[in-house]
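Colleague: Take a look at this one; I'll ask things after.
The values are calculated or read from the model by the stated rules, or taken from the named source; none is laboratory data. These numbers come from a predicted model, not from an experiment. Methodologically, a virtual Cβ is constructed for each residue, glycine included, from the backbone with ideal geometry; neighbour enumeration extends over all protein chains shown. Surface areas here come from the heavy atoms of the whole protein model, side chains and all, with no ligands, DNA or RNA. Shrake-Rupley method; radii C 1.70, N 1.55, O 1.52, S 1.80 Å.
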Amino acid sequence: MGSKKKKSSKKKQHSAPKEEKEDQVDYGATVDAFFPGDDSSAHAEEEDVPVEKGDDDDNDKQGDEGTDEIEDDKKNDEPSDDDEEEEDDDESLEEEEEKTANQTASSLVMMDSEEPCSFDLRNLTAVNSHPLHHESLYKNKNDSESASKKKKKKKQQEIPAEDEKLTINNAAQVLNEEYLLQKATEGCTQLIHALWQLPTERSDAGPMVHLPTYDKIPIPRVLPPPPPKAETKWEKFAKERGIPLNKEKRSRKVWDEATDTWKFRHGYDKANAKDNNWPIMEVGGTDDPYEDPWQKQRDAKFARTEDNRQNQMKNQERAGVLPKGAARKVLKSRTESRKAGREGGGNAGLPVGVPVDMTENKLRGQASTLAALKATQKSTASMGRFDKPVEGEPERKFPVSKKKRKYMAESSTGKTSGKGEQERAAKVLQTVLHGGGVETEKARKKGKLAKGVTAYDYEYDDGSNKALFQKKKGRGGIGKNKKMTKKRIK
Amino acid sequence: MAPTNQQARAAKAKVVSGGKAPKARVQRYLNSQESKIKEGAKSTVLLKGTKCSHAMGHVLKDLRAMLAPNAKLLAKKNQIFAFDSEGQMSLEFLTTKNDCALFAMASHNKKRPNNLVLGRTFDRQVLDMIEVGVTRFKSMEDYGGKVPKKRIGSKPLMLFLGDIWEQNDNTRRLQSFLVDFYRGDPVEKLVAQGLDHVMVFSLTEKMNPVTNTSVKTIHQRTYFMKLKKNPDGSSNTPVPFLTPCGPDLDMMVRRDQFASIDLWRAAMKQPAAAKKKKVKNQSTNMFGETIGRLHMNKQDIDKMQGRKSKALRRAEKMEAEEEKAAVERELESEQKQIGNEFKRDFGFENDN
């Protein structure tokens, strides 16, 4: 019985005296708890009721704490007691009173040796930087467990200490859970006390505490901070001239006069839309009567959207999101494709039978025939070198192989035309020593060189590269080489 | 499913070359995954290594229960060696694709039994990693059904015991890591009644006399907390009552890989916009009124023109007349003097 007392000392759940206060207000339930209404909780019979360690730093009175928790924890804790190694359930009142006497005495002692913690309230953290008391931290397994009677011992997912070398002397050393609990309660009380000093505001869910905006314990971000948004051309102009931007003022819906409803300002079925799509269109004053008005409308719309797209891309270029010249390239390709679509396709101009890769130049007539001839002449095994030339055919020119090295012989007169070998060697040396100079600068400006060791230069192969799926080597693998999924196998 | 950097670049190139922009829903998702000025809760991806014991699987399940809803438990086993460059690439990939910044990988083999690798990422790159061996684990289940459980999504109160936490940079990093791992959503305002659990971390160090190395062990205990009214009513501050509820972990620190100083500094850099702007020249007096402060240039009162009234104007006029008269008189007297002198000198008067 004596050992029981020792173990089940400072845990609150052991306290189970039969006196229960029905009128105790459970703190966690209502808002009222924040506002001292009826202090019915503060009552006598303090000495009999066991006391909680951690509370003592706040108040000098001991002993009334236990009454509050009795109702709730009695139900909660008794079965759970079994799980604690030293626990027993169903203690009699007399034992309790003995215990409490001990507790009140010891609690007094605890109050004096309370260790102040430092706080990081934004993260709801308290740091107790006082060293842990080793003697009270550890306890010998033999000492505690064998002595107590365990009625129900629930299976503990005990993973035994694997590295025996490290536990030479401490083979049976287990942490004293009660000591930890005691320390925890102390620290927790201090933390709660600190939190309650913060400014509060009322809300539907209860009083809200305003946490400080800074972290004391450094916590890194997930992604680097976003770059500040660059000003668009219009924003810059408006700022200079003092024109209001109206970014937040425009409402999404506008009153439509025609239908007497609220319609969206932009987009499909927008408000106050000028409907020009009648089957019969009147010819205006300056309009050409032979012009297609619907085509004209479509062209105008296309022009407007293209302008908008262009301006957006140019703004992005200025901000650095897109590379320089991207807007122009996109515009060029779009106009070309539109024109080609209008004219009926890319190969529309050429006669039938001409090899398709000649559509680039779009020659006509004799020039086209000659180009076709040249192409066919080249398409032999020897690239047209050894074929018999036909009468009247111009001399065939063959490209000089770049693979053959040209040796610049130094002339006897001492005059070297162009770069001599010495100079070329010197240039190579410069490149090696000083890293390329002009060319590297150009490449860097174009963005071809890696900028640094950041994630953005990280060429991570996430397996989405088609090349990885190639089963065949060489050119044969490039063709129809799809991943053989279950579906395809069937 | 955030795009990896390669994918993001390819997508951008496609847009530039005139391709179609992604659908609105996809674009909204992509915008949500971009970097923000103020960041929210960090998500954790919980995965298993090459071989994972049943107990370690249970550890992951408990972690998921603690970190819900910001945790994702992956089912498959992964051939990842965390301290290998390839393994790190795989981890970076998994965290990117699952939109998570933290990860915990459990595995078990003969050399490292009950292994748990905890880590966090920055900018889709591994920042810190700690490999830990679990020597003791008591799950929430083991505490039984009657012990109250914390609510999903509630923030923990954390407590660090021991002086070893402040010993050196590594332990401080470890402390920051644990806070980061468990803290949940970083909020400005908190309904204090919602606090329902405390996590206590103690760090102990054991010297191995044979190899002369020290082994640090983190003891993590979780307690369910109930706030009770302070019985003497002296303060509104409630009093906490703790019940051990689990999970309890005793972790032996094996290896660690903390970020270099440069990467750490880059990760800690806060955007300028996040700083609260100081409101200057405003103060509140005891009545709750806002008092402002104006800064003026120095004013020379003597040279300033005040308000004019009839009487003042008249007075000015009179003064001016008097002055004039005085001046005239002086002039006259002077003239007279000159005349007298002339007479004296020359004998006759000056008549011009």
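Colleague: Which one of the conditions (1) assigned to a loop (DSSP other than H, G, I, E, B); (2) open to solvent by less than 20 Å² (accessible area, probe 1.4 Å); (3) hydroxyl-bearing (Ser, Thr, Tyr) does residue B:223 fail to meet, given that it meets all the rest?
Modeller: (1)
Colleague: Here is a further query. Check whether at least one residue in the stretch A:246-262 is in contact with a Lys or Arg (Cβ under 9 Å, 6 or more places away or on another chain), over 30 Å from residue A:327 (Cβ atoms) and of a type in the set (D, E, K, R), and report yes or no. Give the derivation first.
Modeller: Step one: list which residues in the stretch A:246-262 are in contact with a Lys or Arg (Cβ under 9 Å, 6 or more places away or on another chain), which gives A:250-256, A:262.
Then drop every residue that is not over 30 Å from residue A:327 (Cβ atoms), which leaves A:251, A:253-256, A:262.
From what's left, of a type in the set (D, E, K, R): A:253, A:256.
There is at least one residue in the stretch A:246-262 that is in contact with a Lys or Arg (Cβ under 9 Å, 6 or more places away or on another chain), over 30 Å from residue A:327 (Cβ atoms) and of a type in the set (D, E, K, R).
Colleague: Please determine, by comparing only the residues of the stretch B:205-220 that are facing another protein chain (nearest Cβ under 7 Å) and either surrounded by 20 or more Cβ atoms within 10 Å (Cβ to Cβ) or polar (S, T, N, Q) (or both), which one is farthest from residue B:166 (Cα to Cα).
Modeller: Going through the stretch B:205-220, the residues facing another protein chain (nearest Cβ under 7 Å) turn out to be B:206, B:208, B:210, B:215, B:219.
With either surrounded by 20 or more Cβ atoms within 10 Å (Cβ to Cβ) or polar (S, T, N, Q) (or both) added as a condition, the list becomes B:208, B:219.
Numbers: B:208: 21, B:219: 16 Å.
My answer is B:208.
Colleague: The conditions are (1) open to solvent by less than 10 Å² (accessible area, probe 1.4 Å); (2) within 8 Å of another protein chain (Cβ to nearest Cβ); (3) not in a strand (DSSP E or B), and residue B:171 fails exactly one of them. Which is it?
Modeller: It is condition (2) that residue B:171 fails.
Colleague: Which members of the stretch B:59-81 meet the condition of being under 30 Å from residue B:154 (Cβ atoms), open to solvent by less than 30 Å² (accessible area, probe 1.4 Å) and not charged (D, E, K, R)?
Modeller: B:59, B:60, B:63, B:66, B:67, B:68, B:71
Colleague: Got a number for residues in the stretch B:24-42 being among the basic types (Lys, Arg) and touching a helix residue (DSSP H, G or I) at 6+ places or on another chain (Cβ under 9 Å)?
Modeller: Our first condition is that a residue be among the basic types (Lys, Arg); within the stretch B:24-42, this holds for B:25, B:28, B:36, B:38, B:42.
Filter once more, so that each one left must be touching a helix residue (DSSP H, G or I) at 6+ places or on another chain (Cβ under 9 Å): B:38, B:42.
Number satisfying all stated conditions: 2.
Colleague: Pairs under 8 Å by beta carbon, first residue farther than 13 Å from residue B:119 by Cβ in the stretch B:90-101, partner of a type in the set (D, E, K, R), six or more apart or different chains?
Modeller: What qualifies is B:93/A:462; B:96/B:124; B:98/B:72.
Colleague: I've got another one for you. Quick check, is residue A:229 modelled with pLDDT under 95, within 28 Å of residue B:269 (Cβ to Cβ), of a type outside the set (Ser, Thr, Tyr) and surrounded by fewer than 11 Cβ atoms within 10 Å (Cβ to Cβ)? Walk me through it before giving the result.
Modeller: Numbers: modelled with pLDDT under 95: yes; within 28 Å of residue B:269 (Cβ to Cβ): yes; of a type outside the set (Ser, Thr, Tyr): yes; surrounded by fewer than 11 Cβ atoms within 10 Å (Cβ to Cβ): yes.
Criteria met by residue A:229.
Colleague: What tally of residues in the stretch A:104-125 results from selecting those that are assigned to a helix (DSSP H, G or I) and modelled with pLDDT of 80 or more? Explain how you work it out, then say what you get.
Modeller: First pass over the stretch A:104-125, keeping only residues assigned to a helix (DSSP H, G or I): A:104-112, A:121-123.
In the following step, the residues that additionally are modelled with pLDDT of 80 or more were identified as A:121-123.
Residues meeting the conditions: 3.
Colleague: Further question on the same structure: Please go through the stretch B:174-203 and pick out each residue that is facing chain A (nearest Cβ under 7 Å) and either within 21 Å of residue B:136 (Cα to Cα) or in a helix (DSSP H, G or I) (or both).
Modeller: Selection gives B:175, B:176, B:179, B:180, B:192, B:193, B:198, B:200, B:202.
Colleague: With B:36, B:42 as the choices, which residue is charged (D, E, K, R), within 12 Å of another protein chain (Cβ to nearest Cβ), without any contact (Cβ under 8 Å) to a residue 12 or more places away in the chain and surrounded by 15 or more Cβ atoms within 10 Å (Cβ to Cβ)? Step through it out loud before you land on a result.
Modeller: Working: B:42 fails: without any contact (Cβ under 8 Å) to a residue 12 or more places away in the chain.
None of the others qualify; the one that does is B:36.
Colleague: Still on this structure, please answer the following. Restricting attention to the stretch B:226-245, which residues are in contact with a helix residue (DSSP H, G or I) (Cβ under 9 Å, 6 or more places away or on another chain) and outside any strand (DSSP E or B)?
Modeller: Just the residues of the stretch B:226-245 that are in contact with a helix residue (DSSP H, G or I) (Cβ under 9 Å, 6 or more places away or on another chain), to begin with: B:226-231, B:235-245.
Within the stretch B:226-245, B:229, B:230, B:231, B:235, B:236, B:237, B:238, B:245 meet the criteria.
Colleague: Condition (residue is more than 11 Å from every other protein chain (Cβ to nearest Cβ), over 24 Å from residue A:118 (Cβ atoms), in contact (Cβ under 8 Å) with a residue 24 or more places away in the chain and not in a loop (DSSP other than H, G, I, E, B)) applied to the stretch B:131-144: is it met by at least one residue?
Modeller: Taking the stretch B:131-144 as the starting set, the residues that turn out to be more than 11 Å from every other protein chain (Cβ to nearest Cβ) are B:131-132.
Cutting the leftovers down to over 24 Å from residue A:118 (Cβ atoms) gives us B:131-132.
Still in the running and in contact (Cβ under 8 Å) with a residue 24 or more places away in the chain: B:131-132.
Retained after the next criterion (residues that are not in a loop (DSSP other than H, G, I, E, B)): B:131-132.
Scanning the stretch B:131-144, I find at least one residue that is more than 11 Å from every other protein chain (Cβ to nearest Cβ), over 24 Å from residue A:118 (Cβ atoms), in contact (Cβ under 8 Å) with a residue 24 or more places away in the chain and not in a loop (DSSP other than H, G, I, E, B), so the answer is yes.
Colleague: Quick check on my filter: what residues within the stretch A:279-299 are in a loop (DSSP other than H, G, I, E, B), of a type outside the set (Ser, Thr, Tyr) and open to solvent by 90 Å² or more (accessible area, probe 1.4 Å)?
Modeller: A:279, A:280, A:282
Colleague: Under the condition of being modelled with pLDDT of 90 or more and open to solvent by less than 70 Å² (accessible area, probe 1.4 Å), which residue from the stretch B:14-26 is nearest to the other protein chains (Cβ to nearest Cβ)?
Modeller: Within the stretch B:14-26, the match that is nearest to the other protein chains (Cβ to nearest Cβ) is B:24.
Colleague: Return only the number of the condition from (1) open to solvent by 70 Å² or more (accessible area, probe 1.4 Å); (2) touching a Ser or Thr at 6+ places or on another chain (Cβ under 9 Å); (3) free of Cβ contacts under 8 Å to residues at least 24 places away in the same chain; (4) more than 29 Å from residue B:187 (Cα to Cα) that residue B:51 does not satisfy.
Modeller: (3)
Colleague: Ok, one more. What number of residues within the stretch B:274-289 satisfy the criterion of being outside any loop (DSSP other than H, G, I, E, B), under 24 Å from residue B:36 (Cα atoms) and open to solvent by 70 Å² or more (accessible area, probe 1.4 Å)? Quick ask: steps written out before the conclusion?
Modeller: Filtering the stretch B:274-289 down to residues outside any loop (DSSP other than H, G, I, E, B) leaves B:274, B:282-284.
Subsequent filtering for residues that are under 24 Å from residue B:36 (Cα atoms) retains B:274.
Restricting the remaining residues to those that are open to solvent by 70 Å² or more (accessible area, probe 1.4 Å) gives none.
Residues meeting the conditions: 0.
Colleague: Which of (1) at pLDDT 90 or above; (2) at the interface with chain A (Cβ under 7 Å from one of its Cβ atoms); (3) under 16 Å from residue B:241 (Cβ atoms) does residue B:230 not meet, given it meets every other one?
Modeller: With (1) at pLDDT 90 or above; (2) at the interface with chain A (Cβ under 7 Å from one of its Cβ atoms); (3) under 16 Å from residue B:241 (Cβ atoms) applied to residue B:230, the lone miss is (1).
Colleague: State all residues of the stretch A:183-209 that are at the interface with chain B (Cβ under 7 Å from one of its Cβ atoms) and closer than 28 Å to residue B:161 by Cβ; if no residue qualifies, say none.
Modeller: Scanning the stretch A:183-209 gives A:183, A:184, A:185, A:187, A:188, A:189, A:191, A:192, A:193, A:195, A:196, A:209.
Colleague: Kindly indicate whether any position in the stretch B:235-249 is in contact with a Lys or Arg (Cβ under 8 Å, 6 or more places away or on another chain) and charged (D, E, K, R). Working first, answer last.
Modeller: From the stretch B:235-249, those in contact with a Lys or Arg (Cβ under 8 Å, 6 or more places away or on another chain) are B:238-249; that's our starting set.
Then drop every residue that is not charged (D, E, K, R), which leaves B:248.
Yes - at least one qualifying residue is present in the stretch B:235-249.
Colleague: So which residues in the stretch A:176-224 are open to solvent by 40 Å² or more (accessible area, probe 1.4 Å) and in contact with a Pro (Cβ under 6 Å, 6 or more places away or on another chain)?
Modeller: If the condition is that a residue be open to solvent by 40 Å² or more (accessible area, probe 1.4 Å) and in contact with a Pro (Cβ under 6 Å, 6 or more places away or on another chain), then A:200, A:210 are the ones that fit.
Colleague: Taking the condition free of Cβ contacts under 8 Å to residues at least 40 places away in the same chain and surrounded by 10 or more Cβ atoms within 10 Å (Cβ to Cβ), does residue B:327 pass? First the steps, then the outcome.
Modeller: Numbers: free of Cβ contacts under 8 Å to residues at least 40 places away in the same chain: yes; surrounded by 10 or more Cβ atoms within 10 Å (Cβ to Cβ): yes.
So residue B:327 passes the test.
Colleague: Being free of Cβ contacts under 8 Å to residues at least 12 places away in the same chain and farther than 30 Å from residue B:176 by Cα is the filter here, so list the residues in the stretch A:221-240 that pass it.
Modeller: Those that are free of Cβ contacts under 8 Å to residues at least 12 places away in the same chain and farther than 30 Å from residue B:176 by Cα: A:231, A:234, A:235, A:236, A:237, A:238, A:239, A:240.
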